[in-house]
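Structure, as structure tokens:
The values are calculated or read from the model by the stated rules, or taken from the named source; none is laboratory data. In this text the structure is predicted, and so the values were computed from the model without any measurement. Cβ: placed from backbone, ideal geometry, glycine included. Neighbour counts: every protein chain shown.
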Amino acid sequence: MKCLTAVLMLGLASLLPAAHPAVAQTPEVTASEVVDAETLQAFVEGARAWSETFTDPNDFAPYIGAISTEGDWKHGNTYLILMLPNGTVIFHADDATANGKSLYEAEDARGNKVVQDLLAAANMGGGHVEYYWDDPAQEGDEEDAKIAYATSYLSGTTATTVILIGGYYQDPSQAVAATSDPSIIHPPEVTAADVVDRATLRAFVHGTRDSYFNALEEFGIDELLQHLDIFREEGGPWRQGSIYFFLFTTEGHVIFHGADRARELRDATDWEDINGIKVTQELIKLAKAGGGFLEYYFDDPAVPGDEDTGSPKVGYAELFTFQGREYVLGAGFYTGAPDRALRTVTRTEVEATVLGDAVEGLAVEFSRAIAGRQSNYAWNAFTDATGHVSLTISSTRGVSGYYRARARNAVGEIVGQWHSIPLNRAQRQVLELTLGGGMRVVHVEQLAAAKAVVATSGLAPNVPNPFNSATQIAYRLSSAGPVQLVIYNVLGQPVRTLVDQYQAAGSYQAQWDARDQQGGTLSSGVYITRLSYPGGEQTQRLLYLK
């Protein structure tokens, strides 16, 4: 399973032949002209010859559209099936529910292993196979032999063998999904169930990227194809109700959709919501610009009756490169989702002092420490002049456990790391973190006995101001709720969202590095920071001097 070459492309897209829209072909023998074994062979061999010419996986959607739509390449029971040599269906032109499942053990009405016979015929250079099946749509055909034809070709994008079958239209209900152990794929640190705001959504996308691409490199395309349902499992790390991930090419062809398999292997370029937003195109633009969020409307699986209008959603997408090809991976959450409103958010508070030299302005980041999982430093804050830092860790999946922490300086260098930090829900932990690696728990108290919640919400003066590289923006919250901290230019246009999430009452800090949402450096001048919090909002001026 791991013998694929170094040029192996991504998942389904790279196993599929690709056709450029400009070169879509009409077969010499169309599906409607198949009347016997000879014309069936000509039809399938024509598809093989066409398939062998394709080399770009970004162009596979027109091919899939052609062979799955009634017309030259599909007519009634005459259509194509693409398989791996082990009997796993890559694409079934008549029934997408068979995709990713195995037909290797499928039998006809007389107990013949018909798919195994087809695979053997393909391996011999192509051949016909007779099978028997009582077609419910055709009366009295149970004793009539039906004829299928199988051949194979070498994928121009992966140098791997693909089996191409025509004339085999037995009910694919015998297709068997692979029995998968979810533990074979490392889950993300922030799972689908943890997504409650933009910060956790972005962390979920990052972790999912690592899970998917690491599994692809470890198992190879042919084996991963049999385990894709792990990513669709309801209640699993990658699917929780309305929260799932999607993957498509930079040309808008869907490779994977966590909630609707029928959307896969289709061109989604021109899909738009009720407001005319070209959702796929906008997500691709944001991904190419360095990643970003998009507000739009989309069908929410948890909301009956919104199929025509959709429900308000926030999506996030980033561009990722795998073996020389670019792909867009994203996810989203519905802003009005009832299940999100009912989730219980637990939290813990950390007060830490970093000891050592040059402790001002360090980014102190915390990650859960779970065996077998990669670190995801999802919670962070910045030290003041004395090395003091405060942050709140919150999650819908519990916060008690051991954590890792690290400190980075202004240029991103890691200057301190700490391990095995015990934190517990509903507690305030006071820590000392020495840059040399030492960690000491100074004090622990229940949040109910902690210092009184600040009486008012609002912004503190940013430090420094004016600034020439980065500035710290501190603020206080007197009550819990949704919080936004946004930077605007003097024209009133938003240039950077620093915070957009639910936060508990307390004190917080954010750092702005004078860059926009896409990571581009902004020009010198006056900027406005606006804090929106439960019950009000506040603004103040920032002066950026290069």
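Side notes on the structure shown:
- Only one of 260, 229, 270, 306 that is at pLDDT below 85 and either polar (S, T, N, Q) or more than 17 Å from the chain's Cα centre (by Cα) (or both): 306
- Filtered by the rule that a residue be of a type in the set (A, V, I, L, M, F, W, C) and more than 19 Å from residue 82 (Cα to Cα), the stretch 102-116 gives a lone residue, 109.
- Subset of the stretch 500-546 [farther than 18 Å from residue 467 by Cβ and without any contact (Cβ under 8 Å) to a residue 24 or more places away in the chain]: 537
- Of all residues in the stretch 232-247, those that are more than 16 Å from residue 316 (Cβ to Cβ) and modelled with pLDDT of 90 or more total 2.
- Every residue from the stretch 460-513 that is of a type in the set (Val, Ile, Thr) and buried (at least 17 other Cβ atoms within 10 Å of the Cβ): 471, 473, 483, 486, 487, 495, 499
- Among the numbered conditions (1) at pLDDT below 90; (2) among the aromatic types (Phe, Trp, Tyr); (3) over 31 Å from the mean Cα position of the chain (by Cα), the only one that residue 73 does not meet is (1).
- Unique residue being acidic (Asp, Glu) and either at pLDDT 95 or above or not in a helix (DSSP H, G or I) (or both) when the list is 117, 59: 117
- Scanning the stretch 261-272 for residues that are surrounded by fewer than 18 Cβ atoms within 10 Å (Cβ to Cβ) and in contact (Cβ under 8 Å) with a residue 24 or more places away in the chain yields 261, 262.
- Pick from the stretch 376-398, criterion among the β-branched types (Val, Ile, Thr) and assigned to a strand (DSSP E or B), ranking: modelled with the highest pLDDT: 389
- For the stretch 139-152, the criterion of being of a type in the set (A, V, I, L, M, F, W, C) and part of a helix (DSSP H, G or I) is met by none of the residues.
- Here is the figure for the stretch 489-546: residues that are assigned to a strand (DSSP E or B) and not β-branched (Val, Ile, Thr) total 29.
- Checking each residue in the stretch 62-94 for being out of contact with any Ser or Thr (no Cβ under 9 Å at 6 or more places or on another chain) and part of a loop (DSSP other than H, G, I, E, B) picks out 68, 69, 70, 77.
- Any chance residue 401 is modelled with pLDDT of 90 or more and either among the basic types (Lys, Arg) or surrounded by 14 or more Cβ atoms within 10 Å (Cβ to Cβ) (or both): no
- When residue 432 is tested against (1) part of a strand (DSSP E or B); (2) surrounded by 12 or more Cβ atoms within 10 Å (Cβ to Cβ); (3) at pLDDT below 90, only condition (3) is not met.
- Lone unmet requirement of (1) in contact (Cβ under 8 Å) with a residue 60 or more places away in the chain; (2) within 12 Å of the chain's Cα centre (by Cα) for residue 289: (2)
- For the criterion of being modelled with pLDDT under 90, within 25 Å of residue 462 (Cα to Cα) and surrounded by fewer than 18 Cβ atoms within 10 Å (Cβ to Cβ), residue 410 passes.
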